[in-house]
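Below is one structure, written out as structure tokens; the observations come after it.
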Amino acid sequence: MDESSYSYKITGGVPLKGDINISGSKNAVLGILAAAMMIDGTCTLENVPDIADVRVMIEICQSLGAKFEVNESSEDTLTVFIDPRDINTYEATGPGVSRIRASYYLLGALLSRCGKATLRMPGGCDFGQRPIDLHLKAFKLMGAKGADPRKVNGGVITLNAAPLHGAKVFLDIVSVGATINIMLAATKAQGQTIIVNAAKEPHIVDVANFLNSMGARIKGAGTDTIRITGVSELPGNFTYSIIPDQIEAGTYMVAAATTGGDVTIHNVIPTHMDPLSSKMREMGYTIDEGDDYIRVYKDPEEEIWGTNFKTAPYPGFPTDLQPQTVVLLCLSKGLSKMDEDVWENRYQYIPELSKMGADINIFDHIALVNGIDCFYGAEVRATDLRAGAAMVCAALAAEGTTYISDAYRIDRGYQKIVEKLRALGAQIEVVEDTSSFVDSEA
Ligand code: UD1
């Protein structure tokens, strides 16, 4: 089956029950794969998720000359050996670059390794404008030439480090991508770089931990001030394990809840889930936590009431769980409010959810959600990765059968979602899809 021409067929109404393992974090591993391009030795990554975006990122890095050995581990994740020592170009301009967002990390990584970087503009889900001006302004402060959004020529940007030096960078918007990219560029720059108003997402800490284990000197990742003292060498020769995926875990928490199920989600860091767990408890769900698991279920005596959410940088409520949570709100009593405060246009999936019976009104970045009794099966489309995950959550809870086209978008970020859901009792299968069209995202 062509990668872009399949749908998920889901017959809903089965409460999900059982145990599930969460894979490694997509957004952490994508930053770490780019960071691995900077090291002077080799490294091995464990707990790498087997997802489409990782395969694309590896292909891009291979096109630069880096060598990879990818093996499936007994835990169903990938172990990836990386040798970047033969990188022979600073140009990342192949088609893969515009299929994923995280390819922008190669700007920082290649500037650091080669003193130059040429990049085709990155892709990613369509949430409206996704500028990289903060990345470029920071590189300019650090001495890079060409770091000007107006110098993006034919969708390609070229930066020249002459060489890079440390700088104090104030981010006027909290940006995950800019924080990681500046950390990458600063790791081997001369002197100290200070990032003020840095993003604090778990994957930022993971990228910093990876770099530190390779020989970098990064302090303060996970707080809003990160200090990076440049080093001349990153010896590497280390094995590093990727943290669990906060968004995958949150998606299964929602799927368990919407189906009235009882699921224990293993290989999670429960504190990363606090923004969702605390709100789900407020709504009436029971969330039990252990050292590395979370169990989600509903006490039959409890009623589930809607509430208000606002997306924000970590430790606020993650925008990447917004669509799935709207599904949860649909199946709650009363009127709820979702305030999407990170992206300008992240409600493109609402018309699809409405086909299944959702009652939602959008006012600019606010979605007002009226509770409904149930969703009904329909033919819908995965408009982007997390929107697709939301469609899956709705379909699992729906009466009847739902077909979700463009399901390849879901596979960008969810390892073996069909197998994992089937193991919990879901009726889900992959079917040929004729309505799908190929577009230029990822
Ligand atoms: C990353 C995640 C994405 C998630 C987002 C917010 C990856 C590959 N993607 O995206 O899934 O939704 O964090 O948690 O990790 N901004 C600017 N100028 C810039 C950069 C960002 O104005 O140069 C704005 C954006 O338009 C947005 C906000 O800052 O409104 C946050 O974006 P950012 O955190 O940078 O998101 P990404 O790193 O692209």
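The values are calculated or read from the model by the stated rules, or taken from the named source; none is laboratory data. Values in this document were obtained by computation on a predicted structure and should not be read as measured data. Please note: Cβ atoms are built from the backbone with ideal geometry, for glycine as well, and neighbour counts cover all protein chains shown. What goes into the accessible areas is simple: the full protein's heavy atoms, side chains included, and nothing from ligands, DNA or RNA. Shrake-Rupley method; radii C 1.70, N 1.55, O 1.52, S 1.80 Å.
A few comments on the model shown:
- Taking the convex hull of Cα positions in segment 177-247, its mean projected area over all directions (nm²): 4.6 nm²
- 3J(HN,Hα) from dihedral phi, segment 343-354, Karplus parametrisation 6.51/-1.76/1.60, rounded to Hz, x for glycine, proline: 10, 6, 9, 10, 10, 5, 8, 4, x, 5, 5, 5
- Global geometry of segment 216-359, whether rounded, prolate or oblate, following the gyration tensor of its Cα atoms and the 1.5 cut on a/c: prolate
- Cα convex hull volume per residue for segment 1-119 (Å³): 127 Å³
- Distance between segment 412-428 and segment 339-392 - C-alpha centres, whole angstrom: 21 Å
- For Lys200, the lysines whose Cα falls under 22 Å of its own Cα, not counting residues fewer than eight places away in the same chain, are Lys26, Lys137, Lys168, Lys188, Lys219, Lys279, Lys310.
- Overall, segment 241-288 carries a charge dipole of about 80 debye about its Cα centre when +1 sits on the Cβ of Lys and Arg and -1 on the Cβ of Asp and Glu, all other atoms neutral.
- A straight line joining the Cα centroids of segment 129-191 and segment 47-70 runs 24 Å.
- Of the peptides 420-427, 231-238, 169-176, the order by per-residue mean of other Cβ atoms within 10 Å, starting with the highest, comes out as 420-427, 169-176, 231-238.
- P(r) tail, segment 126-256: Cα-Cα pairs separated by more than 26 Å, 28% of all pairs.
- A straight Cα-to-Cα reach below 20 Å connects Lys140 with the aspartates and glutamates Glu91, Asp148, Asp172, residues fewer than 8 places away in its own chain not being considered.
- Overall dimensions of the chain, expressed as equivalent-ellipsoid semi-axes from the Cα gyration tensor (√(5λ), whole Å, largest first), are 37, 22, 21.
- Our summary gives segment 277-422 a relative contact order of 18 percent, counting only alpha carbon pairs under 8 angstrom and 6 or more residues apart.
- Dipole orientation for the chain: of the candidates Ser23, Gly166, Gly250, Gly166 has the Cα lying most toward the positive pole (charges on Cβ; Lys, Arg +1; Asp, Glu -1).
- Measure of compaction for segment 215-280 (Cα Rg per 2.2 N^0.38 Å): 1.63
- The residues of segment 250-310 expose, per residue, 42 Å² of accessible area to a 1.4 Å probe.
- Sum of side-chain charges, Pro323 neighbourhood, beta-carbon under 9 Å (Lys, Arg +1; Asp, Glu -1): 0
- For segment 20-25, putting each phi into the Karplus relation 6.51 cos²θ - 1.76 cosθ + 1.60 with θ = phi - 60° gives couplings of 9, 9, 8, 8, x, 6 Hz, in residue order, rounded to whole numbers and with x for Gly and Pro.
- Calculated SAXS-style log₁₀ I(q)/I(0) at q = 0.13, 0.19, 0.33 Å⁻¹ - segment 125-166, Debye, Cα scatterers: -0.30, -0.58, -1.14
- Ordering Thr11, Cys125, Gly290 by Cα displacement along the dipole of the chain toward the positive end leaves Cys125 in first place; charges were set at the Cβ atoms of Lys, Arg (+1) and Asp, Glu (-1).
- Alpha-carbon radius of gyration plus Dmax, which is the widest Cα pair, for segment 287-441 in Å: 15.7, 48
- Normalised contact order of the chain, rounded percent, pairs of Cα under 8 Å and 6 or more residues apart: 22 percent
- For segment 91-195, the relative contact order is 30 percent, taking Cα pairs closer than 8 Å that sit 6 or more residues apart in sequence and dividing their mean separation by the residue count.
- Whether segment 251-296 is rounded, prolate or oblate, judged on the alpha carbon gyration tensor where a/c under 1.5 counts as rounded: oblate
- Rounded if a/c under 1.5, otherwise prolate or oblate - segment 349-442, Cα gyration tensor axes: oblate
- Accessible surface of the chain, 1.4 Å probe, proportion on carbon and sulfur as whole %: 47 percent
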